[in-house]
Structure formats: C-alpha cells, structure tokens
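Take a look at the structure set out below.
The values are calculated or read from the model by the stated rules, or taken from the named source; none is laboratory data. A quick note: this is a predicted structure, and the numbers were derived from the prediction, not measured. Backbone-built Cβ (ideal geometry, glycine too); neighbour counts: all protein chains shown.
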Amino acid sequence: MYLKKTLVLLSFLCYYTIVSQESSIKNHSYFFKKIDSLNSTSSLLKGTSIFFKHKQWDSVIVSSSKAFINSTSLQNSNYFRYMRGHSFMKKNLFKEAQKELKKVTPQFFFYDKVLYALSGIYLEQKNFQKALSYLKKIESKEFSIINELYRPSIINDIGVCYIHLKDYKNAEVYVSKFLNDVRKKNNPQEIIEAYTNTANLYYAQYKDDLAIPYFEKAYLLSKTTTNYEIKRKTAKNMAVVEENRKNIIKALVYRKEYDKWKDSLNNQDRIWKTAQFEKKLAVNQKQKEINFLTSENKIKALQRNGFIFTSILLLLILFGGIYFYIQQKKSHKIIASQKEELNALNNTKDKLFSIVSHDLRSSVNLLQKSNSKLLHEIQNRNYSVLDTIVTKNAAIANSSYNLLENLLNWATIQTKQLYFNIESIDLFSVTQQVAFNYQPLFDNKNITFNNKTPPGSFILADLDSLKIIIRNLLDNAIKFSELNAKISIYSYSENQDFENLVIEDTGEGISKEIITELLKDTSLLSKKKNKEEIGTGLGLQLCKTLILKNNGLFKIESTLNKGTKMIISFPKSV
C-alpha cells in the first residue's frame, strides 16, 4: 500500500509543479519595454525579441545564433542567452536551456527570471535539492514586479520541493502560505492547486484524516471550472484515495468520472474535426451552386478574357521592345563614355610620360653639364666655386628624385596598391621630420623657415601619405620662392571636427584662374609661370588624391607677388 500511495503522490505533485512553473511568469511586457528603451539596442536584438514575443521559438534560436557570430556587448549577450534558454525550455530541450541560462551574468537586469527558469529545469529533472537552492535565492531577494514573477507560485514551488525532499515541517510552512495567498485572490484554479498540494503534504505523512478533506475540497471546487484537465486530475485523486481506503464502489464512481473527463478532452478534438468536416461540406455545396451560376457566363468570359489577354500581350511586346531599345541605347552611351574616358586617360598617360621623360632628360643634361664644370674647376684647382656647383647638383638630384617618387606614388594609387592606415598623428612631430630633410634647400636659397605648429595637435590620417603631401607642398613653396624668402607651417581649428594645416610662402603667388584650374580633378599638367622648364603638376595632383583618401579638404589662397597659402583640413583625433 505504501509503495502504491507514494507513486501516485509523485505523479500528482509533478503535474502541479509544471502548472506552477507555467503560471508563475505573468508575461514579458516589462522585458520588451526594457529592450526598446536600451540606447545600444541592435536591430538583431529587437528582431529576436519580436520572435520571442510571438512565441516563435525556432526563430528565436536561429536569430540569436547569428548574434553570437558577430561581436555583441555583454548586456545584449545576456538578453540573447535568456531568450535562447527560455525557447529551449519551451521545446523541452532542458540541457541546452540549462547551458544558455547559466552563461547569463548576475548583472543582468532580469536575473531573477533566469534563476526561476533554472529552478524550473531542475524541477523537470526531479533534482529538487538544486531547484530549491535557486528558489531560495529568489526568495531571499526583495521581491520586484520588474522581473514579472508571481510571488505565490515561488512560495508554492518551494513547498513542493520540500514535500519531495520529505522535509515536511518546512513544506507545511510554504504550502500554508501559498494557500493563504491564493484564497485572498479568489482564483479557483490556484485554490484547487493549493488544496491538492496541502492534501499531498498530509497524505505523504499518512495523515489521511487531514489530507482527505483537502482532496474533497479540491474535487468540489473543480466542478466550478471548465478546465477538463483539472476535473480529470481531481477525480483521479479521489479515486486513489477511495482505493487506498478499500472503498471500491466510490473509487469506481470516481474512476468513471475520470474516464469521462479524459474522453471529454479527446472528444474536444473529435468535435472540432467534425465541425471542420461539416463546414467543408457546406462550403463544397455552396461552391457547386456558384459553379452552376457562373457556367452560363463562361463562354462570354472566355471571349472577353481572350481579347484582354491578346491586348495585354501586344502591349507587353510593345513596351518590351521600347524597354530593350532604351537599355541598348543606355549601354551604347555608357560604352561611348567609358571609351572617351579611357582615351582621355591614355592621352594623359602619354602626355605625362612625355613630360616626365623631358624633365628627367633636362635634369640629367643639367647634371652632366654641371659635373663637367665641376671636373674642370677641380683640374684648374679653383676650389672656391666647388661649393656652389655641388649645391646646384644636390638641388638637381633632389628635384629628379622628387619627380620619380611622385611618379611611383601616382602609379601605386592608379593601380590601387597603396595601403592606408588611418591613425592618430601629432602634426608638430611630422612637420619637424619633413622640414629637417629640406634644410639644405632652405639654406641654398637663404629661406627663413618657421614651424609654428603647436605640439599636441592630433589628427586622423595615414602617416606615409601625410609625409608625401607635406613634402610636395614644401617642395613647391621652395621652388616658387625667391632668395631670402620666408616659409611657415602652422595649424589652427575652425570647428571641433577639423584641424587646418597651413603651408605659407612669400613667393610669386598664383592667379585666381590658375587656382581654379589646379583645384579641378582633371587638372594634371600646368606651366610654371616665368620658368623655362615645364612641370607635370603631378605632385599637386598626387596631394589632392591623398588628401581625399584621408577624408580631408584642400584649398589654396594666394595673392600675386605676395605669396601663397596651401590649406589642408584633416579630421581631429578625439
């Protein structure tokens, strides 16, 4: 008798434990409001929460898996893991749910919900000691409606755990507290659950005189509900009680009632299927009537439809022909435009190579003549002029080197092989380094150079391309400055986003027309004013391209015979 009684008891307790877990979490309304209020909420998190809201558990699992492929914040990770764990629970995949929920950190805003979900998993696994440890953690905290937990159900679950653990003294405390709570709310289903748990508590201790009245109360109250499952369970409880009391006649009555409610649950499905079948028959009958009424107009409809179809087909052919003609015309225009652009690029390339070769030839010729003169003066031991000749040779070599370096950088950009690494750079440090290499050229023309860039002016740029820009602009400033001129580099801020770097000289200046031409994207070649030699303009074109790739801006301010300002604006480093 004891074995039978205990087995029946455990089956009923497990059922009410599951009901308790299902009803404890009221809803997730505050949970969804919290996600919407987060400033850093990603579109993926919002999408996953929508799936979660509509109980699409498979979609929640797939969507949250995508989130972990990309980097996500700890806050968002906690939300994803909670929703995944909850979804796995709904699919009865308790081990996977347990793994996900245990990865949620205690800093999670809804951590009490996590603890309660874990307790539910252990209840399903009949690990009542572990479930109790999680429930006690929640109970020890100050209860908050934010976590949307139903307090009486937590009390009930603790009582159920104590019953299974045979700690009847503590079980009675919590079961009684649950009964008092639900009586105040006057919810029949919860009161039935409380009566049944109280009855099971006493029944497990063989206190039948205390247990049976509660079984009877639960049974009588179940008659007021429309829930067949509750009716079935309470009838079965009474049948088991009467069987244990050897009252076979009453037990059979309750068993019949149990079977009736069990059949009612099955009949609900059959009734629904019958209704669907009758509905289908009615629809078929109505459809036959409709088919009969429409058959008389079928021939006319076919004729009309044939005419409409033919008209539509002709229109489609007409519009299709027009569309393909327009597309073909567009393709011809694009091809013609690309051909013109390619021809222009080829012409530019040919002109560039022609001028570069001319400049290199001129430089080599000048260097050859200067070297001949140098040898001649050495042979005549006229050492006083050697310094002038050597300085001139250095200037020619430096000019040729800069031309070749610009050509190499230009080719690298055209073939898209130049690598950019945008980083925080100190302008003062870079300008000092570049200016140091130009000191011999400053001395050759007796140019006064001032670096007024304040230390600590940081910008976002690629270091190598920044050096190329400053070198080319300094080279131009020296080239177009007379003896005893002045060149200055300084920086200033017009707003919080950009830092302006200025290279200013007191040279011959540039006219407005030439400035407009130089700032055009297509401008590659230019004539150096008052100079016999021809310049490629490649250095300035290279500067414009590199400034654009560094997210910068470029402008020129100049007055003839007074000097020029080359102004570059770079994004500031925060």
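Any idea which residue in the range 214-236 is farthest from residue 175 (Cα to Cα), counting only those that are polar (S, T, N, Q) and not in a helix (DSSP H, G or I)?
The qualifying residue farthest from residue 175 (Cα to Cα) is 226.
Hey, among the residues in the range 424-450 that are in contact with a helix residue (DSSP H, G or I) (Cβ under 7 Å, 6 or more places away or on another chain) and outside any helix (DSSP H, G or I), which one's modelled with the lowest pLDDT?
In this case the residue turns out to be 438.
From 447, 487, 468, 478, grab the single residue that is buried (at least 19 other Cβ atoms within 10 Å of the Cβ), under 19 Å from residue 550 (Cβ atoms) and not small (Gly, Ala, Ser).
One residue alone meets the criteria, 468.
Of the residues 169, 141, 126, 90, only one is exposed (fewer than 15 other Cβ atoms within 10 Å of the Cβ), in contact (Cβ under 8 Å) with a residue 24 or more places away in the chain, closer than 30 Å to residue 219 by Cβ and basic (Lys, Arg); which?
Matching residue, one of 169, 141, 126, 90: 126.
Out of everything in the range 528-574 that is within 34 Å of the chain's Cα centre (by Cα) and assigned to a strand (DSSP E or B), what residue ends up being modelled with the lowest pLDDT?
The qualifying residue modelled with the lowest pLDDT is 572.
Report, ordered by the first and then the second residue, all pairs with beta carbons closer than 8 Å, sequence separation of six or more or different chains, a first member in the range 96-115 that is under 16 Å from residue 130 (Cα atoms), and a second member that is basic (Lys, Arg) and in a loop (DSSP other than H, G, I, E, B).
112/141
Of these, 525, 519, which one is of a type in the set (A, V, I, L, M), surrounded by fewer than 19 Cβ atoms within 10 Å (Cβ to Cβ) and modelled with pLDDT of 70 or more?
On inspection, the qualifying residue turns out to be 519.
Between 472, 484, 476, which is in contact (Cβ under 8 Å) with a residue 12 or more places away in the chain, under 24 Å from residue 393 (Cα atoms) and out of contact with any strand residue (DSSP E or B) (no Cβ under 9 Å at 6 or more places or on another chain)?
Unique residue meeting the criteria: 472.
Please report, ordered by residue number, the helices (runs of 4 or more DSSP H) entirely within the range 52-168 with at least 2 residues that are under 22 Å from residue 182 (Cβ atoms).
Helices (runs of 4 or more DSSP H) meeting the threshold: 111-124, 128-140, 151-164.
On the given criteria, is residue 141 more than 51 Å from the chain's Cα centre (by Cα) and at pLDDT below 85?
No, not satisfied.
Please work out if residue 489 is part of a strand (DSSP E or B) and not basic (Lys, Arg).
Judged against the criteria, residue 489 is a match.
Mind telling me which of the residues 243, 193 ends up being touching a helix residue (DSSP H, G or I) at 6+ places or on another chain (Cβ under 9 Å) and surrounded by fewer than 23 Cβ atoms within 10 Å (Cβ to Cβ)?
243
Of the numbered conditions (1) in contact with a helix residue (DSSP H, G or I) (Cβ under 9 Å, 6 or more places away or on another chain); (2) within 29 Å of residue 425 (Cα to Cα); (3) assigned to a loop (DSSP other than H, G, I, E, B), residue 499 satisfies every one except a single condition; which is it?
Going through (1) in contact with a helix residue (DSSP H, G or I) (Cβ under 9 Å, 6 or more places away or on another chain); (2) within 29 Å of residue 425 (Cα to Cα); (3) assigned to a loop (DSSP other than H, G, I, E, B) one by one, residue 499 breaks only (3).
Answer yes or no as to whether residue 62 is at pLDDT below 90, touching a helix residue (DSSP H, G or I) at 6+ places or on another chain (Cβ under 6 Å) and at negative phi.
no
What number of residues within the range 6-59 satisfy the criterion of being modelled with pLDDT of 50 or more, closer than 19 Å to residue 114 by Cβ and among the hydroxyl-bearing types (Ser, Thr, Tyr)?
Residues flagged as modelled with pLDDT of 50 or more, closer than 19 Å to residue 114 by Cβ and among the hydroxyl-bearing types (Ser, Thr, Tyr) within the range 6-59 amount to 4.
Among the numbered conditions (1) modelled with pLDDT under 90; (2) exposed (fewer than 15 other Cβ atoms within 10 Å of the Cβ), tell me where residue 114 comes up short.
Among (1) modelled with pLDDT under 90; (2) exposed (fewer than 15 other Cβ atoms within 10 Å of the Cβ), the lone unmet condition for residue 114 is (2).
Filter the range 144-166 down to the residues that are buried (at least 19 other Cβ atoms within 10 Å of the Cβ), more than 15 Å from residue 194 (Cα to Cα) and in contact with a Ser or Thr (Cβ under 9 Å, 6 or more places away or on another chain), then identify the one that is modelled with the highest pLDDT.
Among residues in the range 144-166 that are buried (at least 19 other Cβ atoms within 10 Å of the Cβ), more than 15 Å from residue 194 (Cα to Cα) and in contact with a Ser or Thr (Cβ under 9 Å, 6 or more places away or on another chain), the one modelled with the highest pLDDT is 164.
Of the conditions (1) surrounded by fewer than 22 Cβ atoms within 10 Å (Cβ to Cβ); (2) over 34 Å from the mean Cα position of the chain (by Cα), residue 105 fails just one. Which one is it?
Residue 105 satisfies all of (1) surrounded by fewer than 22 Cβ atoms within 10 Å (Cβ to Cβ); (2) over 34 Å from the mean Cα position of the chain (by Cα) except (2).
When you scan the range 73-100, how many residues do you find that are among the polar types (S, T, N, Q), over 15 Å from residue 119 (Cα atoms) and in contact with a helix residue (DSSP H, G or I) (Cβ under 7 Å, 6 or more places away or on another chain)?
2
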